[in-house]
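The next block holds one structure in the form of structure tokens; read it before the comments.
The values are calculated or read from the model by the stated rules, or taken from the named source; none is laboratory data. Treat the numbers as computed from the prediction; the structure is a model and nothing was measured. Positions of Cβ are backbone-derived with ideal geometry, glycine not excepted, and every protein chain shown enters the neighbour counts.
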Amino acid sequence: MDFKLRGTNVIAIELLTDSSNFDLEKIKQFIAEKKQLLKGSRFILSVEDRTLMADEVEELLKFFKTVNELTFCGFKTNVKENRELCIKLGVPCDLSNMEIEKIKERADNEEIKFIKKTLRSGDKITSTGDVIIMGDVNPGAEVEAGGNVYVMGNLMGFVRAGIGKKECEVRALYFQAPILEVCGKQVPFERNESYVNFKIKVKDGKIKVEHKTGRN
């Protein structure tokens, strides 16, 4: 079974699947065969037009932990149920442009901004809605969003999310920033600490932080 790859090692490489070719064992076999080609890359599994089951996601996560050649950064999908499942399981997941275009309830003046690069010191990104960064946010870089912020890499710079909102969240595959601002509230962190699968969420006036300590 043929699968398609797109992207670059510098940003991220996506493996494209859909309802016609999604097969767990064949996906794992394909990645195992291509792991030298994928060596050192950030890797994303794109699943279009197919609803994932929890056991499928968990099996894939176990498999990716055995592939040391790449860094698994999460899923990309056009199915909202997949994103909701990934959020429940603590796995990064972005909605593809196809699905984003279908979201009618989003205010006309809000945007979803995809940044397909690493933000370096001095870079600043702003959005009235969500920001999704397919790379790192280095020290000295800034992100300001009226909505949520998702970093599919290492978050080390400053993020201000949920500007003017009562609810928001920030997620990062890795997190090492000294401070964040969510819904107008600043939250400090220990400078020497690093976290994996980091999430901070504001809901009903309460701030909740979830993560794993250190890099696995």
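Across segment 163-179, which residue is nearest to Tyr195 (Cα to Cα) among those that are of a type outside the set (A, V, I, L, M, F, W, C) and in a strand (DSSP E or B)? Step through it out loud before you land on a result.
Step one: list which residues in segment 163-179 are of a type outside the set (A, V, I, L, M, F, W, C), which gives 164-167, 169, 171, 174, 176, 178.
Still in the running and in a strand (DSSP E or B): 169, 171, 174.
On the way: Glu169: 16, Arg171: 11, Tyr174: 6 Å.
Among residues in segment 163-179 that are of a type outside the set (A, V, I, L, M, F, W, C) and in a strand (DSSP E or B), the one nearest to Tyr195 (Cα to Cα) is Tyr174.
Suppose we keep only residues that are crowded, with 22+ Cβ neighbours inside 10 Å and more than 15 Å from Gly74 (Cβ to Cβ) within segment 131-140. Which one would you say is modelled with the highest pLDDT?
Val137
Would a scan of segment 99-118 turn up a residue that is under 30 Å from Lys26 (Cα atoms) and at pLDDT below 80?
Checked segment 99-118: at least one residue is under 30 Å from Lys26 (Cα atoms) and at pLDDT below 80.
For residues in segment 119-130 being modelled with pLDDT under 90 and over 26 Å from Ile13 (Cβ atoms), which is nearest to the chain's Cα centre (by Cα)?
Of all residues in segment 119-130, those modelled with pLDDT under 90 come to 126-130.
Now narrow it down to the ones that are over 26 Å from Ile13 (Cβ atoms): 126, 128-129.
Values: Thr126: 18, Thr128: 19, Gly129: 16 Å.
Checking each candidate, the answer is Gly129.
Against the definition (in the same structural domain as Val79 (by TED's automatic domain parsing), within 17 Å of Leu173 (Cβ to Cβ) and not β-branched (Val, Ile, Thr)), how does Ser41 come out, yes or no?
Values: in the same structural domain as Val79 (by TED's automatic domain parsing): yes; within 17 Å of Leu173 (Cβ to Cβ): yes; not β-branched (Val, Ile, Thr): yes.
Criteria met by Ser41.
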